[in-house]
Amino acid sequence: MTKALEGVRVLDLTHVQSGPSATQLLGWLGADVVKVEAPGGDVTRQQLRDVPDVDSLYFTMLNCNKRSVTLNVKTGRGREILTELIRRSDVMVENFGPGAVDRMGFTWDRIREINPRIVYASIKGFGEGPYTGFKAYEVVAQAMGGSMATTGFPDGPPMATGAQIGDSGTGIHAVAGILAALFQRESTGRGQRVNVAMQHAVLNLCRVKLRDQQRLARGPLAEYPNEDFGDEVPRSGNASGGGQPGWAVRCAPGGPNDYVYVIVQPPGWKPLAELIGRPELAEDPEWATPEVRLPKLAKMFQLIEEWTSTLPKWEVLERLNAYSIPCGPILSTKEIIEDASLAANDMIVTVGHPGRGEFTTVGNPLKLSDSPTHITAPPLLGEHTEEILIHELGLEEAELPMLKAQGVI
């Protein structure tokens with residue numbers, strides 16, 4: 001069976017997380033991803049190692065389904081080889097600092113001169129403006145994209161989310177742009193630039209908070225449990241912030257992840273009142289409607305928690321789902337990695353590796369009926385250099401020892 005992106009070659013000049021997450025997803029969709037690394041390799045090969053002298057999980061979990069070629073593009077011969085790789089590729093992706101690729105001699109004008117059909121995607125921290133030169137990291141993007149200011153509890157500091165919305169979130173945005181550009185190329189015959197900024201991607205994911213910022217001009221946000229409102233959207237703990245109130249309520253035995261997140265919809269109030277042992281609240285005019293419950297959200301979830309705190313979260317989940325009350329247990333990373341249903345859905349995958357034996361990684365969340373994903377091991381550093389340079393670019397085998405001696409590969 002063919003793959004969705006079979007026949008598409010991606011030249012991967014990315015490192016760390018935002019870029020590799022994008023190119024890995026393209027590889028999962030069937031593209032031939034050629035990862036170009038300096039002779040020393042992607043820095044994450046050595047970061048946070050858990051096994052000595054073996055590529056780290058940081059690297060392996062972001063670079064499956066790729067081939068690796070080493071190339072020193074600071075050398076003249078290295079730039080010549082990169083030029084040929086650009087000529088033979090459909091997509092080029094990079095996430096170097098601003099202007100770094102231009103300084104190598106590969107401006108957009110030069111790249112499209114080499115290959116007018118190429119889609120050239122750049123991931124940066126910020127767009128054009130006063131922040132352009134800032135160094136960007138995951139939590140910096142969260143800080144400047146609106147996430148941290150609205151995450152946490154009202155009496156606490158801004159908080160980062162554990163989800164990598166700045167790095168991997170930006171990678172997914174980049175994939176969307178790349179696929180759109182490839183689709184447009186079918187009608188125009190031309191490639192184009194794709195620019196994605198981490199701050200912009202986080203902001204796109206925080207749009208509901210900008211919605212609420214504008215709603216504040218017309219008064220307090222009733223669905224927030226906060227008592228006081230200024231002129232900025234406040235942090236509101238675990239409140240859903242949406243049309244239906246929600247909260248994480250504690251369960252037995254009271255461990256750090258013994259919680260269930262519960263959404264209280266109007267049809268669910270009567271069965272919920274019965275479950276918590278307060279059936280009279282279903283008809284009580286002080287509790288019966290969403291409008292009268294909104295000012296008492298903290299008290300409402302306190303009453304629910306008095307019930308849930310006596311039961312394990314899986315039993316709470318079972319009882320709530322029996323009445324179609326929206327809910328979900330807080331799953332720890334240990335529970336997720338051991339979840340049989342996630343494994344059955346190929347979202348928790350075991351991959352063989354020549355250095356570490358096996359490791360567990362996330363699977364492809366994009367399920368295509370005609371393009372199944374098979375996740376392969378990430379490449380060892382330079383594993384495919386000979387294959388690509390000799391068999392695909394046509395270099396003479398005798399040149400490779402010279403290139404190594406000259407530090408080109």
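Close amide H pairs (under 5 Å, H built 1.01 Å from N) link Gly30 with Leu5, residues at least 5 positions away or on another chain. Amide H contacts under 5 Å for Thr70: Glu37, Gly382, Thr385, restricted to partners 5 or more places along the chain or on a different chain, H placed in the peptide plane at 1.01 Å from N. Once backbone amide H atoms are built at 1.01 Å from N, Ile348 has Ala343, Gly363 as its partners under 5 Å, excluding neighbours fewer than 5 places away on the same chain.
The listed residues Val349, Val208, once ranked by accessible area (1.4 Å probe) with the largest placed first, stand as Val208, Val349. Among the trypsin sites (Lys or Arg not before Pro) in the range 121-192, those located in a DSSP loop and surrounded by at most 13 other Cβ atoms within 10 Å of their own Cβ are Lys135, Arg190.
Taking the protein heavy atoms of the chain in the context of the full set of protein chains, the accessible area attributed to carbon and sulfur is 55 percent at 1.4 Å. With 26 Å as the limit on Cα-Cα distance, the pairs of Lys135/Lys367; Lys3/Lys404; Lys313/Lys334; Lys209/Lys313; Lys209/Lys270 that go past it are Lys135/Lys367; Lys3/Lys404; Lys209/Lys313; Lys209/Lys270. Among Met198, Met61, Met402, the sequence by solvent-accessible area, most first, with a 1.4 Å probe is Met402, Met61, Met198.
Give a quick list of GluC sites (Glu not before Pro) in the range 202-298 that DSSP marks as loop, anything other than H, G, I, E or B, with at most 11 other Cβ atoms within 10 Å. For GluC sites (Glu not before Pro) across the range 202-298 that sit outside H, G, I, E and B with at most 11 neighbouring Cβ atoms in 10 Å, the list reads Glu227, Glu283, Glu286.
Scalar couplings 3J(HN,Hα) for the range 195-201, obtained by applying the Karplus form with A = 6.51, B = -1.76, C = 1.60 to θ = phi - 60°, are 10, 10, 10, 4, 4, 5, 5 Hz; x denotes Gly and Pro. Among (1) 5, 26, 36, 25, 8, 0; (2) 4, 18, 25, 22, 16, 10, 4, 1, 0; (3) 5, 19, 29, 28, 14, 5, 1, 0, which one is P(r) over Cα pairs in 10 Å bins from 0, in percent computed from these coordinates? Step by step, P(r) over Cα pairs in 10 Å bins from 0, in percent for this structure corresponds to label (2). Shown here for the range 310-395: trypsin sites (Lys or Arg not before Pro) in loop regions (DSSP other than H, G, I, E, B) with at most 15 other Cβ atoms within 10 Å, namely Lys367. For helix 168-188, report the angle its Cα long axis makes with the longest principal axis of the Cα atoms of the chain; keep it between 0 and 90° and round to the nearest 10°. Taking the Cα atoms of the chain, the angle to 168-188 is about 60 degrees. Along the range 124-137 the Karplus relation, 6.51 cos²θ - 1.76 cosθ + 1.60 evaluated at θ = phi - 60°, assigns HN-Hα couplings of 10, x, 9, x, 5, x, x, 9, 3, x, 5, 6, 10, 10 Hz to successive residues, with x for each Gly and Pro. The mean accessible area for residues of the chain, using a 1.4 Å probe and ignoring ligands and nucleic acids, is 50 Å² per residue.
Probe radius 1.4 Å, ligands and nucleic acids left out: which of Ser236, Ser168 has the largest accessible area, and how do the rest follow?
Ranked from most to least accessible, the order is Ser168, Ser236.
3J(HN,Hα) couplings calculated from phi for the range 210-222 with the Karplus curve 6.51 cos²θ - 1.76 cosθ + 1.60 (θ = phi - 60°) are, in sequence order, 6, 4, 6, 4, 6, 5, 4, 4, 10, x, x, 8, 4 Hz; Gly and Pro show x.
Given a 1.4 Å probe and the protein chains as shown, Leu29 ends up with an accessible area of around 10 Å². Classified by the C-alpha gyration tensor, the range 190-263 has an oblate form. Its axis ratio a/c, with a ≥ b ≥ c, is 1.5 or above, and a/b does not exceed b/c. Ellipticity at 222 nm from helices only: DSSP H runs of n ≥ 4 in the chain, each -39500 (n - 2.57), divided by the residue count, give -9000 deg cm²/dmol. Does the range 279-409 classify as rounded, prolate or oblate by the C-alpha gyration tensor (a ≥ b ≥ c root eigenvalues; a/c under 1.5 gives rounded; else a/b over b/c gives prolate, otherwise oblate)? Prolate shape, in that a/c is at least 1.5 and a/b is the bigger ratio.
The values are calculated or read from the model by the stated rules, or taken from the named source; none is laboratory data. Note that the structure is predicted; figures quoted are calculated from it, not measured. As a convention, Cβ positions derive from the backbone with ideal geometry for all residues, glycine included, and neighbour counts pool all protein chains shown. Heavy atoms of the whole protein, side chains included, go into the accessibility calculation; ligands, DNA and RNA do not. Shrake-Rupley method; radii C 1.70, N 1.55, O 1.52, S 1.80 Å.
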